[in-house]
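Please treat every number below as a calculation from the coordinates, not as lab data. Since the structure is predicted, the reported quantities are computational estimates derived from the model, not experimental observations. Note: ideal-geometry Cβ built from the backbone for every residue, glycine included; neighbour counts use all protein chains shown.
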Amino acid sequence: MDSDDHEITVSVNGTRYQRRVESRLLLSDFLRHDLALAGTHVGCEHGVCGACTVLLDRQPVRSCLMLAVQAHDREISTIEGLTARDGEYHPLQQAMHDHHGLQCGYCTPGILMTMTAFLDETPAPGEDAVREALSGNLCRCTGYQNIVDAVLTAAKRMRE
Ligand code: FES
Ligand code: FES
């Protein structure tokens, strides 16, 4: 074993993975290339766009700013785990669909993961709070209005 390699165990969407990784491997590359979970997108690769957002122990993090070794013994949620096992969309996914909250879709996984954590902590947000929570996720297509409408609709449906 190379001295720069580390054995890590990570839970991703409820599945435990044990892998040997280089110390410099980014979490985003680990998810996309080592685990073939390419739903996590990479845009800027320096923490600005939010496309690579995943949940680490239920909190949103930029996976392009973390090393895979930092995820050792932690729980990660990615966009692939948002749909229920029976295929039913998460309310946020359904609301994004209903409100046409995406165009190219590149930003969408990061937005959905960010909003999942947001609605967990803020189940009844107002529009301003949604916009503020979205402010770390860049979308160059939609103008955000339909995303905001989708998040408000999802919040309402999740409360009912
Ligand atoms: S790719 Fe990670 S924040 Fe842009
Ligand atoms: S839908 Fe294209 S970047 Fe957001």
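Considering the conditions (1) more than 16 Å from ligand 1 (Cβ to nearest atom); (2) assigned to a helix (DSSP H, G or I); (3) of a type outside the set (Phe, Trp, Tyr); (4) closer than 19 Å to PRO60 by Cα, THR83 is excluded by exactly one of them, (2).
One residue is enough: does segment 97-112 have a residue meeting the conditions in contact (Cβ under 8 Å) with a residue 12 or more places away in the chain, among the aliphatic types (A, V, I, L, M), part of a helix (DSSP H, G or I) and surrounded by 13 or more Cβ atoms within 10 Å (Cβ to Cβ)? Looking for residues that are in contact (Cβ under 8 Å) with a residue 12 or more places away in the chain, among the aliphatic types (A, V, I, L, M), part of a helix (DSSP H, G or I) and surrounded by 13 or more Cβ atoms within 10 Å (Cβ to Cβ), one finds at least one in segment 97-112, hence yes.
Of the residues in segment 4-26, none is part of a loop (DSSP other than H, G, I, E, B), within 16 Å of ligand 2 (Cβ to nearest atom) and closer than 30 Å to CYS141 by Cβ. When ARG131, ARG74 are checked against the criterion of being farther than 16 Å from LEU152 by Cβ and not aliphatic (A, V, I, L, M), ARG74 stands alone in meeting it. Tell me yes or no: at least one residue of segment 24-31 is over 16 Å from GLY110 (Cβ atoms) and either among the hydroxyl-bearing types (Ser, Thr, Tyr) or free of Cβ contacts under 8 Å to residues at least 40 places away in the same chain (or both). Scanning segment 24-31 turns up no residue that is over 16 Å from GLY110 (Cβ atoms) and either among the hydroxyl-bearing types (Ser, Thr, Tyr) or free of Cβ contacts under 8 Å to residues at least 40 places away in the same chain (or both). Report yes if VAL69 is of a type in the set (A, V, I, L, M), loosely packed, with under 15 Cβ neighbours inside 10 Å and touching a residue at least 24 places away in the same chain (Cβ under 8 Å), otherwise no. No.
Do we find a residue being under 14 Å from ILE76 (Cβ atoms), within 16 Å of the chain's Cα centre (by Cα) and within 16 Å of ligand 2 (Cβ to nearest atom) anywhere in segment 32-48? Checked segment 32-48: at least one residue is under 14 Å from ILE76 (Cβ atoms), within 16 Å of the chain's Cα centre (by Cα) and within 16 Å of ligand 2 (Cβ to nearest atom).
Applying the criterion of being in contact with a helix residue (DSSP H, G or I) (Cβ under 7 Å, 6 or more places away or on another chain) and not hydroxyl-bearing (Ser, Thr, Tyr) to the residues of segment 71-89, the residue that is farthest from ASN13 (Cα to Cα) is ALA71.
Within segment 32-78, the set of residues being assigned to a helix (DSSP H, G or I) and either in contact with a Cys (Cβ under 7 Å, 6 or more places away or on another chain) or within 14 Å of ligand 1 (Cβ to nearest atom) (or both) comprises ARG32, SER63, CYS64, LEU65. Only residues that are touching a Ser or Thr at 6+ places or on another chain (Cβ under 9 Å) and surrounded by 20 or more Cβ atoms within 10 Å (Cβ to Cβ) were counted in segment 1-25, giving 1.
Scan segment 48-58 for residues that are closer than 16 Å to ILE111 by Cβ and without any contact (Cβ under 8 Å) to a residue 60 or more places away in the chain and jot them down. CYS52, VAL54 - these are the residues of segment 48-58 that are closer than 16 Å to ILE111 by Cβ and without any contact (Cβ under 8 Å) to a residue 60 or more places away in the chain.
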